[in-house]
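Heads up: the structure comes next, in structure tokens.
Each reported figure results from applying straightforward, stated rules to the coordinates on display, with no laboratory input. Values in this document were obtained by computation on a predicted structure and should not be read as measured data. So basically every Cβ, Gly included, is an ideal-geometry build from the backbone, and we count neighbours across all protein chains shown.
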Amino acid sequence: MLITLTPESKRSIEKATGLSYAQITSMEIEDIDRVIEKKIGKKLQFSNKEDIRLPKRGSVYLAFNRFFDFNHKKMNKFIDSLSI
């Protein structure tokens with residue numbers, strides 16, 4: 001499933017961050033943080049406080065059944081094939 005943003009959402013992101021959507025998608029997260037910190041004039045701080053508006057969903061991988069077990073012999077053979 002392809003998820004896209006509306007032009008209005010892209011403009012909103014650009015206004016809030018000072019970066020275009022294209023710039024954000026091509027930049028490393030540390031660089032994005034640096035640009036935003038420069039724009040707001042202070043260091044970003046992420047709160048450890050629990051937000052009751054965000055439901056706890058646990059592990060995304062568990063919820064979507066994306067765990068897989070390794071076939072160790074096959075994995076070891078693959079890793080050995082990568083070695084020089």
Work out how much length residue 29 to residue 53 would gain on full extension: take 0.36 nm times their residue separation and subtract the Cα-Cα distance, in nm to one decimal. 6.2 nm
Shape call for region 1-57 from the C-alpha gyration tensor, a ≥ b ≥ c root eigenvalues: rounded (a/c under 1.5), prolate (a/b greater than b/c) or oblate? oblate
Under 23 Å from residue 39, Cα to Cα: lysines that are on another chain or at least 8 residues apart: 10, 15
How long is the gain from residue 78 to residue 5 if the chain were fully straight, where each residue apart is worth 0.36 nm and the alpha carbon distance is subtracted? 22.4 nm
7 Å from Cα along Cα→Cβ at both residue 14 and residue 38: what's the point-to-point distance in nm? 1.9
